[in-house]
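First the structure, in the form of structure tokens, and then the observations on it.
The values are calculated or read from the model by the stated rules, or taken from the named source; none is laboratory data. What you are looking at is a predicted structure, and each value in this text was computed from that prediction instead of being measured. Here the Cβ is made from the backbone with ideal geometry for all residues, glycine too, and neighbour counts use every protein chain on show. In case anyone asks, the SASA skips ligands and DNA or RNA and just uses the protein heavy atoms, side chains included. Shrake-Rupley method; radii C 1.70, N 1.55, O 1.52, S 1.80 Å.
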Amino acid sequence: MTWKDYFSLHTVRRKIILVSKAAGFVLIVSYIASTRLTLPPSASLWLWLIFVTLLVLVIDYLMGRFISTPISSLNRSARKMAQLDFSAPCRVESNDEFGELSASLNTMAENLQKTLAELKAANAQLEKDVEQERLLLAERKELADRLSHEMKTPLGVIRAYAEGLQEEEDETKRQKYSSVIIEETRRMSELITTLLDLSALENGAARLTPERFDYVELLETAAGRLLSDIPDCDFELQYELPEQKVYVYTDKGRMEQVLNNLIVNAKRNVRSGGILKLSLTENAGMLHFSIYNQGQPIPQENLSKIWMKFYRDPHSAYSGSGLGLAIVAQILSMQDLDYGVENKEDGVRFYFSIPSV
């Protein structure tokens with residue numbers, strides 16, 4: 001150990017040793033000096049006692065600064081950390097064991113705070129996952145209940161006509177029964193296929209395959225197939241389309257599915273002699289589609305429900321599967337496209353917007 005190390009103040013032990021030795025040395029020197037003063041013995045003694053008192057106060061101050069104050073600060077910080085309060089880190093910055101302990105406590109507090117934050121985030125995620133699982137189970141139960149309800153009617157019809165087919169001898173009636181069974185089977189097949197398609201979209205099993213194509217041509221093709229040359233057509237078709245081509249970048253098959261479902265929905269709900277209007281306009285890089293059918297408005301409280309699986313408007317004149325608009329909502333939501341429905345003065349308007357490229 002060198003002389004410099006011996007008198008270094010980088011450890012508490014050395015500080016105490018240095019202060020105690022210095023105090024002892026000063027005490028001896030002061031006593032010798034007091035005995036050599038040309039003063040009466042009693043005066044010299046009082047003067048030396050006063051000096052000793054001052055020396056004790058100085059030593060007490062130094063001990064407090066070196067030991068008591070850092071220990072009190074460390075104790076306060078440790079007590080707060082024990083209560084998981086990390087808002088007040090330890091402020092001891094001396095170059096000794098107390099300073100090292102302070103830095104270690106602060107590091108431990110930072111690690112604990114980070115760990116607690118991670119645990120809190122993990123707990124929040126776990127709660128979210130549990131809630132999601134609960135909602136998923138509830139949704140599956142609801143789906144199973146609704147699907148069983150949907151299947152009950154066609155299965156009942158199929159069974160009744162199958163039993164009638166076994167007992168019926170009239171060939172004309174047998175042909176009719178067979179046709180009914182085939183039609184109900186087709187309806188069940190379409191329902192299951194549509195439901196599986198929607199489920200695949202919801203859980204991510206089915207992904208969009210974007211491509212660049214002319215949306216005006218797609219709309220004209222879909223509308224021509226579903227609205228033109230309809231026998232006994234009892235509505236007035238109006239349309240507003242761009243004269244030039246307008247390109248978009250999205251899944252062509254899925255967007256055709258959206259158009260088909262919206263057009264079929266409007267065609268089924270337009271009143272006799274009413275107006276069905278298609279509109280496609282471009283503005284500021286966005287392509288805006290809307291379809292309006294003149295007819296019975298949707299009750300305001302049911303506007304948000306029409307996008308739900310198996311929902312049917314009780315005032316609707318037809319009975320569909322209740323999945324078409326749910327598929328529309330899912331496809332548009334997967335692309336973060338703005339869409340909606342609103343009641344107009346004498347009908348209902350569905351709409352959505354998609355960026356043009």
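Please compute the net charge surrounding Ala103, taking Lys and Arg as +1 and Asp and Glu as -1 over other residues with Cβ under 14 Å from its Cβ. Display every interim value, and only then the final one.
Details: positive: Arg91; negative: Glu93, Asp96, Glu97, Glu100, Glu110.
Surrounding charge for Ala103 is -4.
Between Gln132 and Ile17, what FRET efficiency follows from the Cβ-Cβ distance if R0 is 51 Å, with the result rounded to 0.05?
Working: r = 65 Å, r/R0 = 1.28.
For R0 = 51 Å, the calculated efficiency reads 0.20.
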**OP:** Give me the lysines in straight-line cross-link reach of Lys344: C-alpha distance below 16 Å, same-chain residues under 8 apart excluded.
**Re:** Lys277
Original post:
Which one is right for this structure if volume of the Cα convex hull per residue in Å³ is calculated from it: [x] 146; [y] 227; [z] 311?
Top reply: [z]
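Quick one: with all protein chains in place, what share of the accessible area of region 13-83 is carbon or sulfur, to the nearest percent (1.4 Å probe)?
Working: 3620 of 5110 Å².
Using a 1.4 Å probe with all protein chains present, region 13-83 comes out at 71 percent carbon and sulfur.
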Original post:
Straight-line reach from Lys21: which lysines have a Cα under 27 Å away, not including same-chain ones fewer than 8 places off?
Top reply: Lys4
Original post:
Leu226 versus Thr35, label points 7 Å from Cα toward the beta carbon: distance in nm?
Top reply: 11.8
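Just subtract the alpha-carbon distance of Gln125 and Asn95 from 0.36 nm times their residue separation and send over the number in nm, one decimal. Mind showing how you got there, number by number?
Values: separation 30, 0.36 × 30 = 10.80 nm, distance 4.32 nm.
Extra length from Gln125 to Asn95 when fully extended: 6.5 nm.
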**OP:** With a probe of 1.4 Å, find how much accessible area the chain has per residue, and write the answer as a whole number in Å².
**Re:** 64
Subject >> Extension gain (nm, one decimal) between Arg349 and Glu183, 0.36 nm per residue minus Cα-Cα >> reply: 56.6 nm
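Using the crude model of +1 on Lys and Arg Cβ and -1 on Asp and Glu Cβ, and no other charge, please compute the dipole size for region 32-185 relative to its Cα centre, in debye to 20. All intermediate terms of the calculation are to be shown ahead of the outcome.
Values: 18 positive and 24 negative charges, 324 e Å.
It comes to approximately 1560 debye.
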**OP:** Would you list the membrane-span-like helices of the chain, meaning whole DSSP H runs whose alpha-carbon atoms span at least 30 Å along their axis and whose mean Kyte-Doolittle value is at least -1.0?
**Re:** 12-35, 41-63, 97-167, 171-203
Original post:
For the pair Leu112 and Ala200, what calculated FRET efficiency results from E = 1/(1 + (r/R0)^6), where r is the Cβ-Cβ distance and R0 = 45 Å, to the nearest 0.05?
Top reply: 0.50
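Pairs Lys141/Lys305; Lys80/Lys114; Lys245/Lys305; Lys80/Lys120; Lys80/Lys128: which are spaced more than 27 Å apart, C-alpha to C-alpha?
Those over the limit are Lys245/Lys305; Lys80/Lys128.
Around Arg212, with a cut-off of 13 angstrom between Cβ atoms, what is the net charge of the other residues, counting Lys and Arg +1 and Asp and Glu -1?
On the way: positive: Lys245, Lys252; negative: Glu211, Asp214, Glu217, Asp251.
That works out to -2.
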